[in-house]
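This report refers to the structure that appears directly beneath it.
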Amino acid sequence: MIALPPNTTLLPDAEATARATADHLVDIAETATGERIAVCLSGGSTPKRLYELLASEAYVSRLPWSRLHWFFGDDRVVPWDDPLSNVRMVREAFGHGATLPPTHFHFIPSDEGAEIGARAYQRTLQDFYGDETLDPIRPLFDLVLLGLGSDGHTASLFPGKPAVEERVAWVAAVPEAGMEPFVPRISLTFPALACSRSVLFLVNGAAKRDPLSRLATGEDLPSGRVASCGRLQWFIDEAAAGV
Ligand code: 6PG
């Protein structure tokens, strides 16, 4: 088994990591003190099962949907109905909201390019937060979900790309992705991702052994730069851990 990050929970398989994350979200919602609960969703393929679970009979009645606000850690700059869009993936997984009470999905605008979309989404976040300056005492999010790319990226913060160095803006344009799909991206930056009561990496599958091993050797990868003003933890399945 490879060396795993601190605060890792090792789980048997992808279904188990999805269920553990769904349970964690239920806990987050139950302990939230504010009227609104802000969750920052990750994209890609890993979290789709989690989102299906949240909309399933097993969980739909355990979540305060009218208080929940769903944001995105990043998205691809493609039309929302494009197969590459995280908006499309989330809508399909949640069942197009058909079975859910009124919810508040705050999708990243992608119809006017990365720069305009990043500025617009930063305004969305700041309007929701009620300030232009993040205060770790008052986290922007209750939960940030993140994935791990095979190159060690997270959200759309890719090794060697400028957005990794952004320490002021909350949202950055990423004109050149560091791995497929090679389309422009819009990504939250490290300061925004860190401003959360809880940050949780969801990592499944043997393809993630390499980035996990590189993190364990102390290599400076974007996923290793993620911080949290609250908890930071990893849910990793045995295939990714090399068990
Ligand atoms: C994206 C994601 C990205 C993802 C990782 C892992 O939009 O692609 O936000 O950061 O979490 O690339 O992707 P998989 O879950 O598909 O392996």
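Any read-out appearing in this document is the output of simple, stated calculations on the displayed coordinates, not a laboratory observation. It should be emphasised that the depicted structure is a prediction, and the values quoted were computed from it without experimental measurement. Counting neighbours? That spans all protein chains shown, and the Cβs are built from the backbone with ideal geometry, glycine included.
Which whole-number percent gives the relative contact order of the stretch 155-243, counting Cα pairs below 8 Å spaced six or more residues apart? Could you put the intermediate results ahead of the total?
Values: 142 pairs, mean separation 26.1, N = 89.
Result for the stretch 155-243 is 29 percent.
Hydrophobic, long helices, defined as DSSP H runs whose alpha-carbon span along the helix axis is 27 Å or greater and whose mean Kyte-Doolittle value is at least 0.0, do not occur in the chain. Charge dipole of the chain (Cα centre as origin; +1 on each Lys and Arg Cβ, -1 on each Asp and Glu Cβ, all else neutral): 280 debye, rounded to the nearest 20. Mind pulling up the Rg/Rh value for the chain? Radius of gyration and Kirkwood radius, both on Cα. Over the Cα atoms of the chain, Rg/Rh equals 0.93.
The three principal axes of the C-alpha atoms in the stretch 124-166 carry coordinate ranges of 35, 21, 19 Å, sorted with the longest axis first. If R0 equals 30 Å, the separation of the Cβ atoms of Asp81 and Arg138 corresponds to a calculated FRET efficiency of about 0.25. Taking the alpha carbon gyration tensor of the stretch 29-82, multiplying each eigenvalue by 5 and rooting it gives semi-axes of 23, 15, 9 Å, largest first. Shape annotation for the stretch 1-129: C-alpha extents along the principal axes are 43, 37, 29 Å, from largest to smallest.
Please work out whether the stretch 64-199 counts as rounded, prolate or oblate from its C-alpha gyration tensor, where a ≥ b ≥ c are the square roots of the eigenvalues and a/c under 1.5 means rounded, while otherwise a/b larger than b/c means prolate and anything else oblate? Since a/c reaches 1.5 but b/c is at least a/b, the shape of the stretch 64-199 is classed as oblate.
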